[in-house]
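The values are calculated or read from the model by the stated rules, or taken from the named source; none is laboratory data. Source: prediction; values computed, not measured. When we count neighbours, we look across all protein chains shown, and the Cβ atoms used for this are built from the backbone with ideal geometry, even at glycine. Keep in mind that these areas ignore ligands, DNA and RNA; they rest on the heavy atoms of the full protein, side chains included. Shrake-Rupley method; radii C 1.70, N 1.55, O 1.52, S 1.80 Å.
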Amino acid sequence: MTAISLGLPEVPARPVAARRASRRVQVGSVAVGGDAPVSVQSMTTTRTSDIGATLQQIAELTASGCQIVRVACPTQDDADALATIARKSQIPVIADIHFQPKYVFAAIEAGCAAVRVNPGNIKQFDDKVREIAGAAKEHGTPIRIGVNAGSLDRRLLQKYGKATPEALVESALWEASLFEEHGFRDIKISVKHNDPVVMIEAYRQLAARCDYPLHLGVTEAGPAFQGTIKSAVAFGALLSEGIGDTIRVSLSAPPVEEIKVGIQILESLNLRQRGLEIVSCPSCGRAQVDVYKLAEEVTAGLTGMEVPLRVAVMGCVVNGPGEAREADLGVASGNGKGQIFVKGEVIKTVPESKIVETLIEEAMKLAEQMETDGDATGAPVVTGKPAVTVS
(Lines give C-alpha, C1' and ligand atoms only; values in the text may rest on other atoms or scores of the structure.)
Protein backbone atom coordinates (compact mmCIF):
# COMPACT_ATOMS: atom_id res chain seq x y z
CA MET A 1 0.00 0.00 0.00
CA THR A 2 1.38 3.40 -0.93
CA ALA A 3 2.00 5.65 2.07
CA ILE A 4 0.39 9.04 2.09
CA SER A 5 2.90 11.78 2.88
CA LEU A 6 1.14 14.74 4.44
CA GLY A 7 2.40 18.19 3.60
CA LEU A 8 3.03 19.52 7.12
CA PRO A 9 6.62 19.16 8.31
CA GLU A 10 7.50 17.64 11.63
CA VAL A 11 8.23 20.14 14.39
CA PRO A 12 10.54 21.85 14.90
CA ALA A 13 10.73 22.26 11.11
CA ARG A 14 12.21 25.71 10.74
CA PRO A 15 12.30 27.41 14.15
CA VAL A 16 11.90 31.16 14.06
CA ALA A 17 15.12 31.52 16.08
CA ALA A 18 17.67 29.43 17.92
CA ARG A 19 16.53 28.71 21.47
CA ARG A 20 18.27 30.64 24.20
CA ALA A 21 20.77 28.45 26.02
CA SER A 22 19.40 27.78 29.49
CA ARG A 23 20.10 25.29 32.23
CA ARG A 24 17.75 22.33 32.46
CA VAL A 25 15.35 21.75 35.34
CA GLN A 26 13.30 18.60 35.84
CA VAL A 27 9.72 19.28 36.93
CA GLY A 28 8.48 15.80 37.68
CA SER A 29 8.35 13.96 34.36
CA VAL A 30 8.68 17.17 32.30
CA ALA A 31 12.07 18.65 31.44
CA VAL A 32 12.16 22.45 31.35
CA GLY A 33 14.93 24.43 29.72
CA GLY A 34 18.03 23.22 27.94
CA ASP A 35 16.99 21.58 24.70
CA ALA A 36 13.60 20.44 26.04
CA PRO A 37 10.50 21.52 24.07
CA VAL A 38 8.54 24.51 25.33
CA SER A 39 5.86 23.17 27.67
CA VAL A 40 2.32 24.43 28.25
CA GLN A 41 0.94 25.03 31.73
CA SER A 42 -2.28 26.11 33.39
CA MET A 43 -3.69 26.48 36.87
CA THR A 44 -6.72 24.92 38.51
CA THR A 45 -9.63 27.12 39.56
CA THR A 46 -11.00 24.74 42.20
CA ARG A 47 -10.35 24.91 45.91
CA THR A 48 -7.32 22.66 46.27
CA SER A 49 -8.80 21.25 49.48
CA ASP A 50 -11.58 19.77 47.33
CA ILE A 51 -9.43 16.91 46.16
CA GLY A 52 -12.03 15.30 43.89
CA ALA A 53 -12.89 18.49 42.04
CA THR A 54 -9.22 19.44 41.68
CA LEU A 55 -8.23 16.05 40.31
CA GLN A 56 -11.18 16.15 37.91
CA GLN A 57 -10.06 19.51 36.56
CA ILE A 58 -6.48 18.28 36.27
CA ALA A 59 -7.75 15.30 34.27
CA GLU A 60 -9.60 17.66 31.92
CA LEU A 61 -6.50 19.80 31.51
CA THR A 62 -4.37 16.72 30.85
CA ALA A 63 -6.78 15.58 28.14
CA SER A 64 -6.54 19.01 26.50
CA GLY A 65 -2.74 18.84 26.28
CA CYS A 66 -1.64 20.52 29.51
CA GLN A 67 1.81 19.30 30.60
CA ILE A 68 2.25 20.93 34.01
CA VAL A 69 -0.46 22.18 36.35
CA ARG A 70 -0.32 24.65 39.23
CA VAL A 71 -2.61 24.53 42.26
CA ALA A 72 -3.20 27.29 44.83
CA CYS A 73 -2.29 26.69 48.46
CA PRO A 74 -3.58 29.57 50.61
CA THR A 75 -4.78 27.50 53.61
CA GLN A 76 -3.75 24.57 55.76
CA ASP A 77 -6.59 22.48 54.29
CA ASP A 78 -5.12 23.08 50.84
CA ALA A 79 -1.66 22.10 52.07
CA ASP A 80 -3.09 18.91 53.56
CA ALA A 81 -4.56 17.96 50.17
CA LEU A 82 -1.32 18.38 48.21
CA ALA A 83 0.12 14.92 48.84
CA THR A 84 -2.94 13.12 47.47
CA ILE A 85 -3.24 15.46 44.48
CA ALA A 86 0.46 15.21 43.61
CA ARG A 87 0.32 11.42 43.84
CA LYS A 88 -2.83 10.95 41.76
CA SER A 89 -2.32 13.63 39.10
CA GLN A 90 -1.31 12.37 35.65
CA ILE A 91 0.91 15.42 35.14
CA PRO A 92 3.40 17.23 37.43
CA VAL A 93 1.81 19.45 40.07
CA ILE A 94 3.30 22.78 41.15
CA ALA A 95 2.16 24.29 44.44
CA ASP A 96 1.49 28.03 44.26
CA ILE A 97 2.53 29.71 47.52
CA HIS A 98 1.79 33.23 48.72
CA PHE A 99 1.99 34.96 52.11
CA GLN A 100 2.83 31.96 54.34
CA PRO A 101 6.31 30.39 54.04
CA LYS A 102 5.22 27.34 56.03
CA TYR A 103 3.26 26.15 53.01
CA VAL A 104 6.45 26.05 50.94
CA PHE A 105 7.77 23.35 53.25
CA ALA A 106 4.42 21.56 53.25
CA ALA A 107 4.40 21.44 49.44
CA ILE A 108 7.95 20.08 49.32
CA GLU A 109 7.12 17.41 51.91
CA ALA A 110 3.93 16.53 50.00
CA GLY A 111 5.95 15.56 46.94
CA CYS A 112 4.91 18.36 44.59
CA ALA A 113 6.95 18.41 41.39
CA ALA A 114 7.91 22.04 42.03
CA VAL A 115 6.96 25.01 44.17
CA ARG A 116 6.19 28.53 42.94
CA VAL A 117 7.02 31.25 45.43
CA ASN A 118 6.13 34.94 45.22
CA PRO A 119 8.89 36.73 47.14
CA GLY A 120 7.00 40.03 47.06
CA ASN A 121 4.23 38.90 49.39
CA ILE A 122 5.65 36.06 51.49
CA LYS A 123 6.38 37.24 55.02
CA GLN A 124 10.09 37.42 55.81
CA PHE A 125 10.80 35.33 52.73
CA ASP A 126 14.48 36.25 52.48
CA ASP A 127 15.04 35.02 56.05
CA LYS A 128 13.63 31.61 55.07
CA VAL A 129 15.69 31.03 51.94
CA ARG A 130 18.35 28.93 53.69
CA GLU A 131 15.74 26.53 55.05
CA ILE A 132 13.77 26.43 51.80
CA ALA A 133 16.90 25.77 49.76
CA GLY A 134 17.89 22.95 52.10
CA ALA A 135 14.50 21.27 51.99
CA ALA A 136 14.15 21.67 48.24
CA LYS A 137 17.64 20.28 47.63
CA GLU A 138 16.98 17.30 49.89
CA HIS A 139 13.76 16.41 48.04
CA GLY A 140 14.95 17.36 44.54
CA THR A 141 12.20 19.97 44.24
CA PRO A 142 12.71 22.88 41.81
CA ILE A 143 11.66 26.36 42.86
CA ARG A 144 10.02 28.89 40.55
CA ILE A 145 10.69 32.44 41.58
CA GLY A 146 7.53 34.16 40.35
CA VAL A 147 7.74 37.94 40.37
CA ASN A 148 4.48 39.76 39.60
CA ALA A 149 3.92 43.44 38.88
CA GLY A 150 0.93 43.46 41.21
CA SER A 151 2.85 42.16 44.22
CA LEU A 152 6.33 43.56 43.74
CA ASP A 153 8.51 44.01 46.81
CA ARG A 154 7.83 47.43 48.37
CA ARG A 155 11.52 48.25 48.45
CA LEU A 156 11.71 48.00 44.68
CA LEU A 157 8.51 49.96 44.20
CA GLN A 158 10.06 52.76 46.22
CA LYS A 159 13.27 52.57 44.20
CA TYR A 160 11.69 52.53 40.73
CA GLY A 161 8.36 54.20 41.38
CA LYS A 162 6.41 51.41 39.68
CA ALA A 163 6.79 47.89 38.31
CA THR A 164 9.25 48.65 35.51
CA PRO A 165 11.11 45.92 33.60
CA GLU A 166 14.21 46.80 35.61
CA ALA A 167 12.33 46.43 38.90
CA LEU A 168 10.93 43.03 37.95
CA VAL A 169 14.32 41.75 36.84
CA GLU A 170 16.15 43.08 39.89
CA SER A 171 13.63 41.38 42.18
CA ALA A 172 13.97 38.02 40.42
CA LEU A 173 17.76 38.04 40.26
CA TRP A 174 18.08 39.18 43.88
CA GLU A 175 15.99 36.26 45.08
CA ALA A 176 17.87 33.84 42.82
CA SER A 177 21.16 35.08 44.27
CA LEU A 178 19.95 34.27 47.79
CA PHE A 179 19.32 30.68 46.75
CA GLU A 180 22.67 30.55 44.98
CA GLU A 181 24.40 31.56 48.22
CA HIS A 182 23.18 28.27 49.64
CA GLY A 183 24.23 26.22 46.64
CA PHE A 184 20.71 25.87 45.18
CA ARG A 185 20.30 26.47 41.46
CA ASP A 186 17.37 24.23 40.57
CA ILE A 187 15.41 27.37 39.70
CA LYS A 188 13.17 28.76 37.00
CA ILE A 189 11.99 32.36 36.89
CA SER A 190 8.99 34.37 35.74
CA VAL A 191 8.60 38.17 35.66
CA LYS A 192 4.96 38.81 34.79
CA HIS A 193 3.20 42.04 33.97
CA ASN A 194 -0.25 42.82 32.54
CA ASP A 195 1.27 45.08 29.87
CA PRO A 196 2.81 42.96 27.09
CA VAL A 197 5.32 45.68 26.21
CA VAL A 198 6.68 45.87 29.77
CA MET A 199 6.60 42.08 30.06
CA ILE A 200 8.54 41.57 26.82
CA GLU A 201 11.26 44.00 27.86
CA ALA A 202 11.54 42.43 31.31
CA TYR A 203 12.08 38.97 29.87
CA ARG A 204 14.61 40.28 27.35
CA GLN A 205 16.63 41.84 30.14
CA LEU A 206 16.32 38.75 32.30
CA ALA A 207 17.34 36.42 29.47
CA ALA A 208 20.49 38.48 28.93
CA ARG A 209 21.50 38.32 32.60
CA CYS A 210 20.99 34.69 33.61
CA ASP A 211 20.80 31.17 32.23
CA TYR A 212 17.83 29.98 34.28
CA PRO A 213 14.85 28.59 32.35
CA LEU A 214 12.09 31.16 31.99
CA HIS A 215 8.35 30.71 32.42
CA LEU A 216 6.43 33.17 30.25
CA GLY A 217 3.19 34.81 31.26
CA VAL A 218 1.17 37.97 30.82
CA THR A 219 -0.50 38.23 34.20
CA GLU A 220 -4.14 39.30 34.48
CA ALA A 221 -4.33 39.25 30.68
CA GLY A 222 -8.12 39.62 30.75
CA PRO A 223 -11.17 37.93 29.18
CA ALA A 224 -10.66 35.27 26.53
CA PHE A 225 -10.42 37.51 23.46
CA GLN A 226 -8.26 40.24 24.98
CA GLY A 227 -6.11 37.80 26.92
CA THR A 228 -5.51 35.67 23.85
CA ILE A 229 -4.32 38.68 21.86
CA LYS A 230 -2.05 39.93 24.65
CA SER A 231 -0.52 36.52 25.22
CA ALA A 232 -0.05 35.78 21.52
CA VAL A 233 1.69 39.13 20.98
CA ALA A 234 3.98 38.77 24.01
CA PHE A 235 4.79 35.08 23.61
CA GLY A 236 5.22 35.43 19.87
CA ALA A 237 7.74 38.25 20.30
CA LEU A 238 9.79 36.40 22.91
CA LEU A 239 9.60 32.89 21.49
CA SER A 240 10.55 34.23 18.06
CA GLU A 241 13.77 35.41 19.74
CA GLY A 242 14.35 32.02 21.36
CA ILE A 243 13.30 33.23 24.82
CA GLY A 244 10.96 31.08 26.90
CA ASP A 245 10.90 27.50 28.19
CA THR A 246 7.35 27.15 29.55
CA ILE A 247 4.23 29.23 28.99
CA ARG A 248 0.94 29.89 30.73
CA VAL A 249 -1.82 31.84 28.99
CA SER A 250 -3.72 33.63 31.77
CA LEU A 251 -7.36 34.07 30.79
CA SER A 252 -10.55 34.96 32.63
CA ALA A 253 -11.94 31.74 31.17
CA PRO A 254 -11.99 28.00 31.93
CA PRO A 255 -8.41 26.64 32.25
CA VAL A 256 -8.84 24.33 29.25
CA GLU A 257 -9.18 27.44 27.07
CA GLU A 258 -5.74 28.56 28.26
CA ILE A 259 -4.26 25.30 27.02
CA LYS A 260 -5.95 25.56 23.63
CA VAL A 261 -4.49 29.04 23.10
CA GLY A 262 -1.05 28.07 24.37
CA ILE A 263 -0.83 25.05 22.12
CA GLN A 264 -1.96 27.05 19.12
CA ILE A 265 0.71 29.69 19.79
CA LEU A 266 3.44 27.04 19.89
CA GLU A 267 2.12 25.29 16.79
CA SER A 268 2.01 28.59 14.90
CA LEU A 269 5.70 29.14 15.66
CA ASN A 270 6.67 25.56 14.73
CA LEU A 271 7.62 24.91 18.35
CA ARG A 272 5.16 22.04 18.68
CA GLN A 273 3.92 19.32 16.36
CA ARG A 274 0.92 20.73 14.53
CA GLY A 275 -2.39 18.96 14.70
CA LEU A 276 -5.45 19.76 12.65
CA GLU A 277 -5.17 23.14 10.92
CA ILE A 278 -8.06 24.77 9.11
CA VAL A 279 -7.03 27.26 6.40
CA SER A 280 -10.00 29.38 5.39
CA CYS A 281 -10.39 32.68 3.60
CA PRO A 282 -11.81 35.73 5.40
CA SER A 283 -14.50 36.00 2.72
CA CYS A 284 -14.96 38.95 0.41
CA GLY A 285 -17.14 40.16 -2.42
CA ARG A 286 -15.76 37.39 -4.65
CA ALA A 287 -17.05 34.59 -2.41
CA GLN A 288 -19.88 32.57 -3.88
CA VAL A 289 -20.56 30.51 -0.73
CA ASP A 290 -21.00 31.29 2.96
CA VAL A 291 -17.35 30.73 3.93
CA TYR A 292 -17.92 31.50 7.61
CA LYS A 293 -20.56 28.81 7.97
CA LEU A 294 -18.62 26.33 5.84
CA ALA A 295 -15.42 26.74 7.87
CA GLU A 296 -17.30 26.45 11.17
CA GLU A 297 -19.05 23.26 10.10
CA VAL A 298 -15.84 21.65 8.85
CA THR A 299 -14.07 22.59 12.10
CA ALA A 300 -16.90 21.17 14.19
CA GLY A 301 -17.00 18.02 12.10
CA LEU A 302 -13.27 17.37 12.56
CA THR A 303 -13.15 18.10 16.28
CA GLY A 304 -11.10 15.40 17.97
CA MET A 305 -8.79 14.75 15.04
CA GLU A 306 -5.17 15.04 16.14
CA VAL A 307 -3.18 14.19 13.02
CA PRO A 308 -1.05 16.92 11.41
CA LEU A 309 -3.59 17.67 8.71
CA ARG A 310 -4.06 20.97 6.88
CA VAL A 311 -7.56 21.46 5.48
CA ALA A 312 -8.28 24.45 3.21
CA VAL A 313 -11.83 25.78 3.03
CA MET A 314 -11.92 28.39 0.27
CA GLY A 315 -14.80 30.38 -1.12
CA CYS A 316 -13.76 31.77 -4.50
CA VAL A 317 -11.91 30.95 -7.70
CA VAL A 318 -9.11 33.53 -7.23
CA ASN A 319 -7.06 32.05 -4.36
CA GLY A 320 -9.23 29.01 -3.73
CA PRO A 321 -7.70 26.46 -6.13
CA GLY A 322 -4.14 27.40 -5.18
CA GLU A 323 -4.72 27.19 -1.43
CA ALA A 324 -6.71 23.98 -1.75
CA ARG A 325 -3.97 22.45 -3.89
CA GLU A 326 -1.27 23.32 -1.33
CA ALA A 327 -3.18 21.80 1.58
CA ASP A 328 -3.44 18.10 2.37
CA LEU A 329 -7.17 18.33 1.78
CA GLY A 330 -9.19 21.25 0.50
CA VAL A 331 -12.15 22.65 -1.34
CA ALA A 332 -12.41 25.50 -3.81
CA SER A 333 -16.03 26.59 -3.88
CA GLY A 334 -18.12 28.52 -6.39
CA ASN A 335 -21.25 28.42 -8.52
CA GLY A 336 -23.05 26.13 -6.09
CA LYS A 337 -20.40 23.40 -6.09
CA GLY A 338 -16.97 22.60 -4.74
CA GLN A 339 -13.85 21.02 -6.20
CA ILE A 340 -12.35 18.64 -3.65
CA PHE A 341 -8.54 18.41 -3.62
CA VAL A 342 -6.49 15.65 -1.97
CA LYS A 343 -2.72 16.07 -2.01
CA GLY A 344 -2.90 18.64 -4.77
CA GLU A 345 -5.17 16.72 -7.10
CA VAL A 346 -8.87 17.24 -7.83
CA ILE A 347 -10.61 14.00 -6.92
CA LYS A 348 -14.22 15.05 -7.38
CA THR A 349 -16.66 17.92 -7.71
CA VAL A 350 -19.64 17.92 -5.38
CA PRO A 351 -22.73 20.10 -4.82
CA GLU A 352 -22.36 22.81 -2.21
CA SER A 353 -24.67 20.87 0.12
CA LYS A 354 -22.21 17.93 0.10
CA ILE A 355 -18.95 19.86 0.69
CA VAL A 356 -18.77 19.45 4.49
CA GLU A 357 -19.75 15.78 4.41
CA THR A 358 -17.20 15.04 1.66
CA LEU A 359 -14.34 16.87 3.38
CA ILE A 360 -14.95 14.98 6.60
CA GLU A 361 -15.05 11.64 4.79
CA GLU A 362 -11.79 12.36 2.98
CA ALA A 363 -10.15 13.60 6.20
CA MET A 364 -11.08 10.36 7.92
CA LYS A 365 -9.55 8.37 5.06
CA LEU A 366 -6.31 10.30 5.33
CA ALA A 367 -6.20 9.86 9.12
CA GLU A 368 -6.85 6.13 8.88
CA GLN A 369 -4.19 5.78 6.19
CA MET A 370 -1.69 7.61 8.41
CA GLU A 371 -2.49 5.29 11.30
CA THR A 372 -2.06 2.24 9.08
CA ASP A 373 1.27 3.52 7.74
CA GLY A 374 2.52 4.59 11.15
CA ASP A 375 2.76 8.26 10.18
CA ALA A 376 0.83 9.63 13.16
CA THR A 377 3.99 10.29 15.26
CA GLY A 378 2.89 7.79 17.90
CA ALA A 379 -0.08 9.88 19.01
CA PRO A 380 -3.69 8.74 18.75
CA VAL A 381 -5.09 9.73 15.40
CA VAL A 382 -8.66 10.40 16.41
CA THR A 383 -10.19 10.63 19.86
CA GLY A 384 -13.63 9.30 19.06
CA LYS A 385 -15.34 9.61 15.71
CA PRO A 386 -15.59 13.23 14.62
CA ALA A 387 -19.18 14.43 14.59
CA VAL A 388 -20.39 15.18 11.10
CA THR A 389 -22.29 18.46 10.96
CA VAL A 390 -23.92 18.94 7.60
CA SER A 391 -26.36 21.69 6.70
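Do you know the relative contact order of region 158-311, to the nearest whole percent, from alpha carbon pairs under 8 angstrom that are 6+ apart?
With pairs under 8 Å counted, the relative contact order is 16 percent.
Give the angle, between 0 and 90 degrees and rounded to the nearest 10, that separates the Cα long axis of helix 255-268 from the longest principal axis of the Cα atoms of the chain.
Orientation of helix 255-268: about 70 degrees from the principal axis.
Give me the percent relative contact order of the chain, please, defined on Cα pairs under 8 angstrom at least 6 residues apart.
Computed over the chain, the figure is 15 percent.
Taking amide hydrogens as modeled 1.01 Å from N in the peptide plane, which residues meet the under 5 Å criterion relative to Cys281, leaving out close sequence neighbours?
Val313, Gly315
Leaving ligands, DNA and RNA out of it, rank Arg272, Arg24 by accessible area with a 1.4 Å probe, largest first.
Accessible-area ranking of Arg272, Arg24, largest first: Arg24, Arg272.
How big is the charge dipole of region 94-160 about its Cα centre, in debye rounded to the nearest 20, if each Lys and Arg gets +1 on its Cβ and each Asp and Glu gets -1 on its Cβ?
The dipole of region 94-160 has a size of about 240 debye.
Quick check: the angle from helix 51-64's long axis to the longest principal axis of the chain, C-alpha only, nearest 10 degrees?
40 degrees
Please get the size of the charge dipole for region 277-373, origin at its Cα centre, with Cβ charges of +1 on Lys and Arg and -1 on Asp and Glu, quoted in debye to the nearest 20.
460 debye
If you plug each phi of region 359-365 into the Karplus form 6.51 cos²θ - 1.76 cosθ + 1.60 with θ = phi - 60°, what whole-Hz ³J(HN,Hα) values come out, in order, with x for Gly and Pro?
Once rounded to whole Hz, the list reads 4, 5, 4, 5, 5, 5, 4.
What is the helix-to-structure angle for 125-139, meaning the angle in degrees between its Cα long axis and the longest Cα principal axis of the chain, kept from 0 to 90 and rounded to the nearest 10?
60 degrees
Compute the relative contact order of region 54-98 as a whole-number percentage, counting only Cα pairs closer than 8 Å that sit 6 or more residues apart in sequence.
Normalised by residue count, the contact order of region 54-98 is 51 percent.
Positive end of the dipole of the chain, charges at C-beta (+1 Lys, Arg; -1 Asp, Glu), about the Cα centre: which of Phe125, Ala106, Val311 has its Cα farthest in that direction?
The Cα lying farthest towards the positive end belongs to Phe125.
With a Förster radius of 41 Å, plug the Cβ-Cβ distance of Arg24 and Ile229 into 1/(1 + (r/R0)^6) and report the FRET value to the nearest 0.05.
0.85
In the chain, carbon and sulfur make up what percent of the accessible area (probe 1.4 Å)? Kindly include the intermediate steps, with their values, before the conclusion.
Numbers: 8620 of 17110 Å².
The C+S portion of the solvent-accessible surface of the chain is 50 percent.
Ranked from the most accessible area to the least, with a 1.4 Å probe and all protein chains present, what is the order of Tyr292, Tyr160?
Tyr292, Tyr160
Tell me which of Gly244, Leu302, Ser39 sits at the most positive position along the dipole axis of the chain, charges placed on C-beta atoms (Lys, Arg +1; Asp, Glu -1).
Toward the positive end, the furthest listed residue is Gly244.
At 1.4 Å probe size, with every protein chain present, just tell me what the per residue accessible area of the chain comes to in Å².
Counting only protein heavy atoms, the per-residue value for the chain is 44 Å².
Can you compute the modelled spin-label distance between Glu131 and Lys293, with each label point 7 Å from Cα toward Cβ, in nm?
6.7 nm
If you place +1 on the Cβ of every Lys and Arg, -1 on the Cβ of every Asp and Glu, and leave all else neutral, what size is the dipole of the chain about its Cα centre, to the nearest 20 Debye?
Result for the chain is approximately 660 debye, rounded to the nearest 20.
So, taking all protein chains as they sit and a 1.4 Å probe, how much accessible area belongs to Glu368, in Å² rounded to tens?
Approximately 90 Å² for this residue.
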